[in-house]
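These notes concern the structure reproduced below.
The values are calculated or read from the model by the stated rules, or taken from the named source; none is laboratory data. The shown structure was predicted, so the numbers you read here are calculated from the model rather than taken from an experiment. When we count neighbours, we look across all protein chains shown, and the Cβ atoms used for this are built from the backbone with ideal geometry, even at glycine.
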Amino acid sequence: MATIDKHIVKKAFRATTNPLRMMPDFIIIGVQKGGTTSLYKYLIEHPNIAPIYVKEPHFFDIHFHKGIGWYRSHFPTAVEKYYARHIQKHDLITGEASPYYLIHPLAPKRIAKTLPKAKLIILLRNPIDRAYSQYQHQRRQAGVEPLSFEEAIDCEEQRLADEAEKLARDEKYVSFNHRHYSYLARSTYIDQLPAWMSIFPKEQLLILKSEDLYTEPSLIVKQTLEFLNIPVVEQEKKYKPFNEARYTPMAQATRERLIEYFKPLNARLYEYVGRDFGWDK
């Protein structure tokens with residue numbers, strides 16, 4: 001008798017039971033290399049938050065054509081919510097974290113139409129550090145970046161030419177370059193936030209500074225739980241960072257060049273969100 005792959009069985013079960021599954025109450029929409037994995041892992045340790053089967057389903061950017069049933073199959077069943085509410089006497093919510101959503105041109109309207117009441121969490125990191133971290137990830141872990149960092153940022157405009165427009169025009173289009181080589185583009189937050197803040201009310205958006213998560217994780221977790229209307233569990237806990245990597249520091253000349261590049265963009269961002277993130281140093 002042939003052995004049945006357990007993964008296939010679980011996948012089939014999730015697919016057949018998707019009408020009985022929860023939909024996300026919150027989504028961490030970005031930014032890539034901004035601490036999204038760490039924050040998500042911290043949140044799902046709370047008894048009132050049920051984890052998704054795959055942290056980054058990328059439904060509203062890459063897999064939208066697979067349909068809502070496919071998306072729903074990734075989440076816990078409504079039975080779990082019922083059990084939590086009626087037996088354990090507490091509410092249960094769930095959520096996901098797909099950091100490509102923040103920059104994808106179609107994601108805001110797709111989420112607004114599908115999940116109009118979802119709460120959205122955005123982590124913003126020093127744009128220079130974020131860009132360099134993404135570069136290191138693409139070069140060392142993903143293995144898709146053959147250029148030096150300086151070459152990559154010099155070639156970025158050419159690599160991304162018309163890609164955002166193609167994504168906006170064609171719902172089935174998937175852009176490798178836009179996803180993997182958008183070092184400066186993903187760090188230009190002032191170009192991304194208006195698409196979200198013009199659709200979702202401010203009560204549904206939480207913008208956090210990544211550096212605060214790194215230095216004071218318990219404070220940021222508390223702030224996020226309050227945003228999600230989840231009781232804060234007071235506990236002394238050491239939060240371990242996830243996906244932490246070590247790599248050669250950026251050349252000082254490159255950093256100084258990028259400080260000047262991002263200075264006016266950051267100034268516009270600070271004015272737009274009403275907060276100075278202190279990144280221009």
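Sort through Ser198, Ser148, Ser187 and tell me the only one that's crowded, with 20+ Cβ neighbours inside 10 Å and either of a type in the set (S, T, N, Q) or without any contact (Cβ under 8 Å) to a residue 12 or more places away in the chain (or both).
On the way: Ser198 fails: crowded, with 20+ Cβ neighbours inside 10 Å; Ser148 fails: crowded, with 20+ Cβ neighbours inside 10 Å.
Going through Ser198, Ser148, Ser187 in turn, just one is crowded, with 20+ Cβ neighbours inside 10 Å and either of a type in the set (S, T, N, Q) or without any contact (Cβ under 8 Å) to a residue 12 or more places away in the chain (or both): Ser187.
Take the residues in the range 62-78 that are within 17 Å of Pro108 (Cα to Cα) and among the β-branched types (Val, Ile, Thr); name whichever of them is farthest from the chain's Cα centre (by Cα). First the steps, then the outcome.
Within the range 62-78, the subset within 17 Å of Pro108 (Cα to Cα) is 62-65, 67-68, 71.
Remaining after also requiring among the β-branched types (Val, Ile, Thr): 62, 68.
Details: Ile62: 13, Ile68: 19 Å.
Step by step, filter the range 62-78, then rank; the result is Ile68.
Test each condition in (1) of a type outside the set (D, E, K, R); (2) farther than 30 Å from Ala112 by Cβ; (3) modelled with pLDDT of 95 or more; (4) not in a loop (DSSP other than H, G, I, E, B) for Phe262 and report the one that comes out false.
Status for Phe262: all satisfied but (2).
If Ala161 satisfies every condition in (1) aliphatic (A, V, I, L, M); (2) outside any loop (DSSP other than H, G, I, E, B); (3) more than 24 Å from Ser210 (Cα to Cα) but one, which is the exception?
Evaluating Ala161 over (1) aliphatic (A, V, I, L, M); (2) outside any loop (DSSP other than H, G, I, E, B); (3) more than 24 Å from Ser210 (Cα to Cα) leaves (2) as the failure.
Looking for whichever is out of contact with any strand residue (DSSP E or B) (no Cβ under 7 Å at 6 or more places or on another chain), part of a loop (DSSP other than H, G, I, E, B), acidic (Asp, Glu) and surrounded by fewer than 18 Cβ atoms within 10 Å (Cβ to Cβ) here; the options are Glu203, Glu171. Which one fits? Please lay out each step first, then the result.
Values: Glu203 fails: part of a loop (DSSP other than H, G, I, E, B).
That would be Glu171, the only listed residue that is out of contact with any strand residue (DSSP E or B) (no Cβ under 7 Å at 6 or more places or on another chain), part of a loop (DSSP other than H, G, I, E, B), acidic (Asp, Glu) and surrounded by fewer than 18 Cβ atoms within 10 Å (Cβ to Cβ).
For a quick check of your reading of the model, give me the residue pairs whose first member lies in the range 155-179 and is closer than 16 Å to Tyr100 by Cα, whose second is assigned to a helix (DSSP H, G or I) and of a type in the set (Asp, Glu), with beta-carbon atoms closer than 8 Å and at least 6 apart or on different chains.
Note: pairs meeting the criteria are Ser175/Glu163; Asn177/Glu163; His178/Glu163.
Identify, please: which residue in the range 231-255 is of a type in the set (Val, Ile, Thr), surrounded by 11 or more Cβ atoms within 10 Å (Cβ to Cβ) and modelled with pLDDT under 95 and is, among those, nearest to Lys119 (Cα to Cα)? Quick ask: steps written out before the conclusion?
Taking the range 231-255 and keeping what is of a type in the set (Val, Ile, Thr), we get 232-233, 248, 254.
After this cut, where a residue has to be surrounded by 11 or more Cβ atoms within 10 Å (Cβ to Cβ) as well, the list is 232-233, 254.
From what's left, modelled with pLDDT under 95: 232-233.
Details: Val232: 17, Val233: 20 Å.
My answer is Val232.
Can you name the number of the only condition in (1) exposed (fewer than 15 other Cβ atoms within 10 Å of the Cβ); (2) within 24 Å of the chain's Cα centre (by Cα) that Phe277 fails?
Tallying (1) exposed (fewer than 15 other Cβ atoms within 10 Å of the Cβ); (2) within 24 Å of the chain's Cα centre (by Cα), Phe277 fails exactly one: (1).
Taking the range 256-274 only, how many residues are over 22 Å from Leu123 (Cα atoms) and either surrounded by fewer than 13 Cβ atoms within 10 Å (Cβ to Cβ) or in contact with a Pro (Cβ under 6 Å, 6 or more places away or on another chain) (or both)?
Taking the range 256-274 first, the residues over 22 Å from Leu123 (Cα atoms) are 256-257, 260.
This time we only want the ones that are either surrounded by fewer than 13 Cβ atoms within 10 Å (Cβ to Cβ) or in contact with a Pro (Cβ under 6 Å, 6 or more places away or on another chain) (or both), so: 256, 260.
Count: 2.
I'd like to check something: does the range 30-38 contain any residue that is touching a Leu at 6+ places or on another chain (Cβ under 6 Å), within 21 Å of Arg179 (Cβ to Cβ), modelled with pLDDT of 95 or more and in a strand (DSSP E or B)?
yes
In this structure, is Thr215 farther than 26 Å from Phe60 by Cα, under 22 Å from the mean Cα position of the chain (by Cα) and hydroxyl-bearing (Ser, Thr, Tyr)?
Values: farther than 26 Å from Phe60 by Cα: yes; under 22 Å from the mean Cα position of the chain (by Cα): yes; hydroxyl-bearing (Ser, Thr, Tyr): yes.
Against the criterion (farther than 26 Å from Phe60 by Cα, under 22 Å from the mean Cα position of the chain (by Cα) and hydroxyl-bearing (Ser, Thr, Tyr)), Thr215 qualifies.
Just give me the residues in the range 143-158 being part of a loop (DSSP other than H, G, I, E, B) and within 18 Å of Lys33 (Cα to Cα), in sequence order. Walk me through how you get there before you give the answer.
Taking the range 143-158 as the starting set, the residues that turn out to be part of a loop (DSSP other than H, G, I, E, B) are 143-148.
Residues satisfying the conditions are Gly143, Val144, Glu145.
Quick one: would you say Ile111 is within 17 Å of Asp25 (Cβ to Cβ), touching an Asp or Glu at 6+ places or on another chain (Cβ under 6 Å) and surrounded by 20 or more Cβ atoms within 10 Å (Cβ to Cβ)? It would help to see each step written out before you state the result.
Working: within 17 Å of Asp25 (Cβ to Cβ): yes; touching an Asp or Glu at 6+ places or on another chain (Cβ under 6 Å): no; surrounded by 20 or more Cβ atoms within 10 Å (Cβ to Cβ): yes.
No, not satisfied.
Taking only the range 54-70 into account, find how many residues are in a loop (DSSP other than H, G, I, E, B) and either surrounded by 14 or more Cβ atoms within 10 Å (Cβ to Cβ) or on the phi > 0 side of the Ramachandran plot (or both).
First, pick out the residues of the range 54-70 that are in a loop (DSSP other than H, G, I, E, B): 54-63, 67.
Among the residues that remain, those that are also either surrounded by 14 or more Cβ atoms within 10 Å (Cβ to Cβ) or on the phi > 0 side of the Ramachandran plot (or both) are: 55-63, 67.
The qualifying residues number 10.
When both residues are 6+ apart or on different chains and their Cβ atoms are under 9 Å apart, which pairs have a first residue that lies in the range 257-278 and is farther than 17 Å from Ile207 by Cβ, and a second that is at pLDDT 95 or above and loosely packed, with under 15 Cβ neighbours inside 10 Å?
Arg257/Glu150
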